[in-house]
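So the structure is just underneath, and the comments pick up after that.
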Amino acid sequence: MSMQEELLENLDTLLVPGVMRSPVKMNLVREVNITDHKVEISIASAALAPAVQEWLEDQIKGVAGQMAGVKEVKVSFVDSKAKDLNQIGHIFAVMSGKGGVGKSLVASLVAIALRRSGHEVGILDADITGPSIPKMFGITARPSGNENGLMPVTSKSGIEVMSINLLLSSEDDAVIWRGPLIGRAITQFWEEVLWGKLDYLIVDLPPGTADAPLTVMQTLPVSGVIIVFTPQDLTAMIVRKAVRMAQQMGKPVIGVVENMSHLYVAEIDRKIELFGKSRAEEMAQAAHAPLLGQLPIDPELARLCDEGNIERYDSELISQMGQSLSLAMSNMEKQETEQLPQPGTDTKNRSKGK
C-alpha cells in the first residue's frame, strides 16, 4: 500500500461533525501530495462551516502526522461548489399519480433496504408542501453549511436526508408556495446540498404529474422511477398516468410497489384485503416493470414511523425489496447494454431497416 493510499484509508475513519461521514466519502479530498516527508492535502470547503473546517484541519494533521516518515503536514481549503463534488451512482424517483398511497414510506423503506445491503444512500425529500421523511427517521437537527452549500443530516443508520422541514423554524409550519418556488427549492436541494459520494439517491416526489415531478425529471439525471399504488379500482388509471409521464420524460420504470396490500391477522392466520383484491401483478404488467414488493398494513411499522424509528423495522419485506430492486436494475442495465450498437455495425442503415 502506498503512503497516499494509507493516508486516504486513515482519513476515511474521520467523521465530519453533523453529517457523520468521512471527508473521503463526502468527496472533500481534492489533492494529496507527499514529498520529502511532507504531506500537503487540499480539502474542498463547500458546505463546511468555519468551526468544522478548523476541526477537520486539526484531525487531518493528527492522522497524517502519525504516519511513518511524515514530519510536516499542511492542510489547505479550496473554494468549491457542492454540485461539483457530488458523485451519485443511481437516482430513483418514487412517484404516484395520486396522494395518500405511501410514497414517502416506500421511499424510506427502499433507502433502508439499500443501506442494509451496504450501499451509501441519501433521500431527497421533494415533497416540499407535505414533507414527512424527517418525522419517520426521527431527525430534528438543522443542516449546517456555508454560502457554497448545505450538509444533509444523517440518520441513525447512516442515510443522508435533506428536507424542507429541516430548514423550517417549526416542523408544523406550512409551506405555502407556488409552483416556481417549489421547483427552485428542489433544484437547490440537488445542486446546493453536499451529497458527496453516494451509490443511490432516493427522491420522494409529491403526488401527481405537475410542477415538482416535472422539475425532478428535467433537472436530475434520474436513473429510473418506482411507482407506488394501492389495491383500489381507480389504481389502474393512476398508475398509467405515472407510467405515461415517465415514458414521455424518457425515464424507465424500474418497478412498482403495492402498498396497503392486506392486513395480516395472526390470531386467525389470515390476510384480509381491506382495500379490495390485490392488483399487484396487473399493475406490474401495465407498467411493463417488475413487482418490487407488496407491503401490508402493519401496525408495528406505523408505530415506528410515528416514533421516528422506521430504521428499526425488522421484516423480510425490506430485504426482499432490496433484492428485487437490485435484480431490476441489473436487468435494466443488461437490456441497455444489449441495445447498444456492436462495433462495426452500420447504425445508420440498420435504423432504416436496410
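The values are calculated or read from the model by the stated rules, or taken from the named source; none is laboratory data. The model shown is predicted, which means the values in this text are computed figures rather than measured ones. Positions of Cβ are backbone-derived with ideal geometry, glycine not excepted, and every protein chain shown enters the neighbour counts.
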Could you check Gly97 against (1) farther than 19 Å from Val161 by Cβ; (2) out of contact with any Gly (no Cβ under 9 Å at 6 or more places or on another chain); (3) assigned by TED's automatic domain parsing to the domain that holds Gly196 and say which number it fails? (2)
If I filter the stretch 124-139 for residues that are exposed (fewer than 14 other Cβ atoms within 10 Å of the Cβ), in contact (Cβ under 8 Å) with a residue 40 or more places away in the chain and of a type outside the set (Gly, Ala, Ser), do I get at least one hit? yes
Tally of residues being in a loop (DSSP other than H, G, I, E, B) and within 22 Å of Thr215 (Cβ to Cβ) across the stretch 119-147: 8
Starting from residues that are over 13 Å from Ser108 (Cα atoms) and acidic (Asp, Glu), keep the ones in the stretch 301-338 and report whichever is farthest from the chain's Cα centre (by Cα). Glu338
So, in the stretch 70-108, of the ones that are part of a helix (DSSP H, G or I) and under 11 Å from the mean Cα position of the chain (by Cα), which residue ends up surrounded by the fewest Cβ atoms within 10 Å (Cβ to Cβ)? Ser108
Give the residue, chosen from Ile43, Ile88, Ile60, that is of a type outside the set (Asp, Glu) and either at pLDDT below 95 or under 20 Å from Asp204 (Cβ atoms) (or both). Ile88
Those residues of the stretch 19-52 that are in contact (Cβ under 8 Å) with a residue 12 or more places away in the chain and assigned to a loop (DSSP other than H, G, I, E, B) come to a total of 15
State which residue pairs qualify: first residue more than 16 Å from Trp195 (Cα to Cα) and inside the stretch 155-181, second residue of a type outside the set (D, E, K, R) and outside any helix (DSSP H, G or I) in any location, beta carbons under 6 Å apart, and separation of 6 or more residues or different chains. Asn165/Pro131; Val175/Ile128; Val175/Thr129
